[in-house]
Amino acid sequence: MGAEIIDGKQTAAEIRASLKQQIEAFDGEDMPVLSVVRVGDDDAGRVYVRNKKKAAEEVGIGCEILEFAGSIGENALLESVAELNDNPHINGIIVQQPLPKQINPQKILEAISPDKDVDGFGALNIGKTALKESGAVLAATPKGIIRLLDKYCGDLRGKHAVIIGRSNIVGRPLALLLLNRDCTVTVCHSKTQDLPKISRTADILIAACGCPKMVQKDWIKPGAAVIDVGINRDENGKLCGDVDFDTVKENAGFITPVPGGVGPMTVAMLLENTWEAYKKQQTGQTSSCCCGHHHCHCGHH
């Protein structure tokens, strides 16, 4: 029979089309604008940024790319982020990872105003997600995964979700979102014992560990939904995920391909977060800092 393919490319296109309609119909003073900060000359990073710019412009969101040499110091990058925070025409800010080794990525992420943190990586937004508070900007990739599960798998309540990988970008925030949807969640990682056995208990298996084709057919409970977040190259240089797609699809009920699964959804959610941030900023519904100011430099966010 084989698994039903979870079509992230098509779902993302539907979301972008809806966003375009909403943005065209909104009576705002100006268009939403996303600022993408890129440091260094990483080829993959350049492709990602180009894709984000193209998708943003398609829906009516301006996209400004700030490029810095890989030798930039941490303080200079922090100053640039502070300028973007203070610029009323910029509604969303993302800093393309990875950053050069002289820069602490978390320090840069924490410098982004929570209202403009459209990647949803900052401590305030992750904390609000954990506490199920309204107004949290949800991390883009986990948000996209939940959207796909909602569309293809229906009611998530009571399902056992196993996540392989505990990164701050995918594994940890996704665990929070799944808990908030009443899933039973197990987070596995490099120290987990008997990973295949745990994986076989999953109704929903999410692979986000960065290991090419690690998840095998015999790891999969028959009929499970398999979400592959990995983007790797196999021994022939071909793009592949963390799941051995060709064999796993025989056991799974639903499966995302690589490419064309989670990737397009991440970009769509980034644009949706930018649009939501723009509307809040237009209507003055922004979060204030711990010191009571909306945009300040007290050092805390």
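The values are calculated or read from the model by the stated rules, or taken from the named source; none is laboratory data. No experiment lies behind these values; they were computed from the predicted model shown. Using ideal geometry, Cβ is built from the backbone for each residue, glycine included, and neighbour counts are taken over all protein chains shown.
Each row is one residue, and each column tells you yes or no for (1) more than 29 Å from VAL47 (Cβ to Cβ); (2) of a type in the set (Val, Ile, Thr).
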{"site": "THR186", "(1), (2)": "yes, yes"}
{"site": "THR192", "(1), (2)": "yes, yes"}
{"site": "SER199", "(1), (2)": "yes, no"}
{"site": "MET214", "(1), (2)": "no, no"}
{"site": "GLY237", "(1), (2)": "no, no"}
{"site": "GLY261", "(1), (2)": "no, no"}
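Could you grab me the full set of residues in region 1-40 that are part of a helix (DSSP H, G or I), more than 19 Å from the chain's Cα centre (by Cα) and not small (Gly, Ala, Ser)?
Of everything in region 1-40, those that are part of a helix (DSSP H, G or I), more than 19 Å from the chain's Cα centre (by Cα) and not small (Gly, Ala, Ser) turn out to be LYS20, GLN21, GLN22, ILE23, GLU24.
Could you check, for region 262-270, whether at least one of its residues is surrounded by fewer than 19 Cβ atoms within 10 Å (Cβ to Cβ) and either outside any loop (DSSP other than H, G, I, E, B) or not assigned by TED's automatic domain parsing to the domain that holds VAL49 (or both)?
The first filter runs over region 262-270 and keeps only residues surrounded by fewer than 19 Cβ atoms within 10 Å (Cβ to Cβ), leaving none.
The answer is no; no qualifying residue exists.
Considering only strands (runs of 3 or more DSSP E) fully contained in region 171-256, which possess at least 1 residues that are surrounded by fewer than 21 Cβ atoms within 10 Å (Cβ to Cβ) and touching a helix residue (DSSP H, G or I) at 6+ places or on another chain (Cβ under 9 Å)? So that I can check it myself, show each step before the final result.
Working: elements: 184-188, 204-207, 225-228.
Answer list for region 171-256: 184-188.
What about VAL49, is it assigned to a helix (DSSP H, G or I) and hydrophobic (A, V, I, L, M, F, W, C)? Even if it seems obvious, please write down each step before you answer.
Values: assigned to a helix (DSSP H, G or I): yes; hydrophobic (A, V, I, L, M, F, W, C): yes.
Against the criterion (assigned to a helix (DSSP H, G or I) and hydrophobic (A, V, I, L, M, F, W, C)), VAL49 qualifies.
Within the bounds of region 133-147, is there any residue that is touching a strand residue (DSSP E or B) at 6+ places or on another chain (Cβ under 8 Å) and assigned to a helix (DSSP H, G or I)? Lay out the reasoning, then the answer.
Within region 133-147, the first condition is being touching a strand residue (DSSP E or B) at 6+ places or on another chain (Cβ under 8 Å), and the residues that meet it are 137, 145.
Cutting the leftovers down to assigned to a helix (DSSP H, G or I) gives us 145.
Yes, some residue in region 133-147 is touching a strand residue (DSSP E or B) at 6+ places or on another chain (Cβ under 8 Å) and assigned to a helix (DSSP H, G or I).
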